[in-house]
1. Collect the residues in the range 183-208 that are touching a Lys or Arg at 6+ places or on another chain (Cβ under 7 Å) and at pLDDT 95 or above, keeping them in residue-number order.
2. Can you tell me which residue is farthest from Leu121 (Cα to Cα) among those in the range 12-48 that are of a type in the set (Gly, Ala, Ser) and surrounded by fewer than 15 Cβ atoms within 10 Å (Cβ to Cβ)?
3. Give the range 23-38 a look and list any residue that's under 14 Å from Val86 (Cβ atoms) and outside any loop (DSSP other than H, G, I, E, B), or say none.
4. Would you point out the residue of the range 122-143, among those that are charged (D, E, K, R) and assigned to a helix (DSSP H, G or I), that is nearest to Ala188 (Cα to Cα)?
5. Restricting to the range 165-182, count the residues that are at negative phi, at pLDDT 95 or above and in a loop (DSSP other than H, G, I, E, B).
6. Take the residues in the range 54-84 that are farther than 28 Å from Val119 by Cα and in contact (Cβ under 8 Å) with a residue 12 or more places away in the chain, then tell me which one is farthest from the chain's Cα centre (by Cα).
7. Which of the numbered conditions does Phe208 fail, given that it passes all the others? Conditions: (1) over 25 Å from Pro83 (Cβ atoms); (2) among the hydrophobic types (A, V, I, L, M, F, W, C); (3) surrounded by 14 or more Cβ atoms within 10 Å (Cβ to Cβ).
8. Only one of (1) within 30 Å of Arg244 (Cα to Cα); (2) of a type outside the set (Asp, Glu); (3) touching a Phe, Trp or Tyr at 6+ places or on another chain (Cβ under 6 Å) is not met by Ile127, so which one is it?
Amino acid sequence: MAKTEFDEFVAHDVKKQKGISHPVKASTLERFFVKKVSFESLHPNANDEFTFSEIGPSYKIIAEYEENFRHCIRRNQPVEMEPLTVEKLSPKGYLILNGHHRWAAAKKVGLKKLPVKIVNLAQESDIKKILEKSKHDKRVTLDLDEVILRPKDSPYLEKSLNFPFNLRYKQRIRLGIPALFYFLSKNAYDIWIYSANFYSIDDIKRFFFHYSVNVDGIITGAAKKKESDENSAKIEKMLANKYRETIHIDNELLLLTHKNSEEFKEFPLNSDAAEWSKSVIDIIEGLENARISKEES
């Protein structure tokens, strides 16, 4: 299939789905297993760079996948493919979140069924319900992959989950994260977690539930969303209007910003310290005490 023909195929499928399909929640059972679905039921994502006319797919990457698939076919072996990450659609089918190049290579070699991993992402309606339910006007944001989850060889980790939960949730989290989240909730902060990866929000909530802490909002796949995506823009506007104060916690920095203000405060952190979480709590306690003193004066 020539480049122009494939571009037309992708553009046609995106146009065909617009105004007809929309994401729906998949059940726990649907999300638990990797399954194989027909190629025709998989649809490219209009908010992914793969479908942008000014960017588009990498034909070098597609060719590499294609050669690997054909190698298996020539040897009469099953085609080895990492599952595509997808979101369930209504009335039928699946939206590709991650794996467009594998999907394209599969089309070129004529594969009829592809393995998929179904996830549930946060939609605008989910965010709206969270904000309407919340009575807080302060929030804390953290990056799941860069700040909360840590390499297994890190010296400062929380204990792994007990059997059998450790079989499903193999990630390890930074020492002190549960204590930090407990402190934030107790002090009327909503906790929002962001991830560039397409984790299922249900899995993340359950993961932290096993550590006996609550997470208020979860936004995944942020790095793959188009900046002009209308849904993403609405979500960011809702969040900005809700909270008068936002604290962003990074590995080496705590950043405090206020609604409708360009002023901010920065506080350094030692990302490698055993007491990283305690340092964060001490800073926020100091901010809370300063606010109380100002209100009383």
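1. Hits for the range 183-208 are Ala188, Tyr189, Asp190, Trp192.
2. Within the range 12-48, the match that is farthest from Leu121 (Cα to Cα) is Ser38.
3. Within the range 23-38, Pro23, Glu30, Arg31, Lys35, Lys36, Val37, Ser38 qualify.
4. Result: Lys133.
5. Number satisfying all stated conditions: 1.
6. Ile73
7. Against the list (1) over 25 Å from Pro83 (Cβ atoms); (2) among the hydrophobic types (A, V, I, L, M, F, W, C); (3) surrounded by 14 or more Cβ atoms within 10 Å (Cβ to Cβ), Phe208 comes up short only on (1).
8. The single condition Ile127 does not satisfy is (3).
The values are calculated or read from the model by the stated rules, or taken from the named source; none is laboratory data. Every value quoted in this text rests on a predicted model; they were computed, and no experiment measured them. Glycine also receives a Cβ, built like all others from the backbone with ideal geometry; neighbour counts cover every protein chain displayed.
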